[in-house]
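What follows is a short report on a single structure.
The values are calculated or read from the model by the stated rules, or taken from the named source; none is laboratory data. Values in this document were obtained by computation on a predicted structure and should not be read as measured data. Cβ coordinates were reconstructed from backbone atoms using ideal geometry, including for glycine residues, and neighbour counts include every protein chain displayed. Just the protein is used for accessible areas: all its heavy atoms, side chains included, with ligands, DNA and RNA removed. Shrake-Rupley method; radii C 1.70, N 1.55, O 1.52, S 1.80 Å.
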Amino acid sequence: MADFSESSRVVTLFTRDFGKVAVVAKGAKRLKNPFEAALDLLTVCEVVFLRKSSSSLDILTEAHLRKRFRPRPGDLGSLYGGYYVAELLDALSEEYDAHPVLFDESTLALERLSTEFRADLTLVRFELVILREIGQLPAFDACVACGEPVGPTRQFTFKVSQGGLVCSECLIEEPPRHWISPESAAVLCGLAQESSTAWQQISVTTGQMQDLRLVLNSTLAHILGRRPKMLRYLPF
Ligand SMILES: [Zn+2]
């Protein structure tokens, strides 16, 4: 949110039908304003807004609160995880590029972050879905150079510049410091799948989670040209 005038704000919304939109919320800074508490970060609302011509901002006319994000008390992974979801949605989506699947997955991620479910796994799932939706999901099932399926016969490393895993036979340079295990590659494939519930049955070990973070951190930094800001506050 940014101040627009003495009484109005510019608010960025991620909508199910239109994707990201920036709207002027007139009177939003007044104590008694027409949007009440609906425009807080990470709230789910029903909104009505007027599309303007390309040269001026859209105008928000109605916003009704439907659901508020409730992080688990005393759990920073839950609270900062919510902020991280908001940061990625803003940074990786384009205005007026609708992604209903991503919208639904975002609200599910926020719901899960309010429960006992593992916050680290919830975020990995969300990161993989957003990468899939914007067409930037790396290949985790085979070597991107020769097509050799990931398995125990060769070693595989992650090459962000090549968009996925590369096998030991195809590596031109020095062997990497880190190999991605076939189990971690299978977990990445499983967590990226389209079913919105089946992935929740996948169990992930601490060692595999390190592989997952290595792959996702370098992929996101590559796309954004920097590390996501909230990443350093996440306790995992
Ligand atoms: Zn290969």
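Using just its DSSP H runs of length 4 or more, each adding -39500 (n - 2.57), the chain gives a mean residue ellipticity at 222 nm of -10500 deg cm²/dmol after division by all residues.
Using a Cα-Cα cut-off of under 19 Å, which lysines could be cross-linked to LYS67, ignoring same-chain neighbours fewer than 8 residues away? List returned: LYS20.
Given a 1.4 Å probe and the protein chains as shown, LEU65 ends up with an accessible area of around 70 Å². Amide H contacts of THR15 (H built 1.01 Å from N, in plane; Pro and chain starts excluded): LYS20, VAL21 sit under 5 Å, all sequence-distant by 5 or more or on other chains. A simple rule links phi to the HN-Hα coupling: the Karplus curve 6.51 cos²θ - 1.76 cosθ + 1.60 with θ = phi - 60°, which for region 214-225 gives 4, 5, 6, 4, 6, 5, 5, 5, 5, 6, 7, x Hz, with x for Gly and Pro.
Along the Cα-to-Cβ line of ARG51, 7 Å from the Cα, sits a label point; which residues in region 15-37 have backbone N less than 19 Å from it? Under 19 Å, as judged by backbone N against the label point of ARG51, lie 15-25 of region 15-37. Protection proxy ranking of 29-35, 18-24, by the mean of other Cβ atoms within 10 Å over each peptide's residues and highest first, is 18-24, 29-35. Looking at region 1-68, the DSSP beta bridges with both ends there are about 85 percent antiparallel.
Of all aspartates and glutamates in the structure, those lying under 16 Å Cα to Cα from LYS26, and not within fewer than 8 positions of it along the same chain, are ASP3, GLU6, GLU36, ASP40, ASP58, GLU62.
The trypsin sites (Lys or Arg not before Pro) found in region 129-209 that occupy coil by DSSP, while having at most 13 further C-beta atoms within 10 Å, are ARG177.
Taking Cα atoms, how many degrees apart are the long axis of helix 100-113 and the longest axis of the chain, rounded to 10 and kept between 0 and 90? That helix lies at roughly 90 degrees to the long axis. Computed from Cα atoms, the angle from the helix 182-191 axis to the main principal axis of the chain rounds to 30 degrees.
Taking all Cα-Cα distances within the chain, those exceeding 28 Å account for 39%. Short-range pairs are left out: with C-alpha atoms under 8 Å and at least six residues apart, the relative contact order of the chain is 15 percent.
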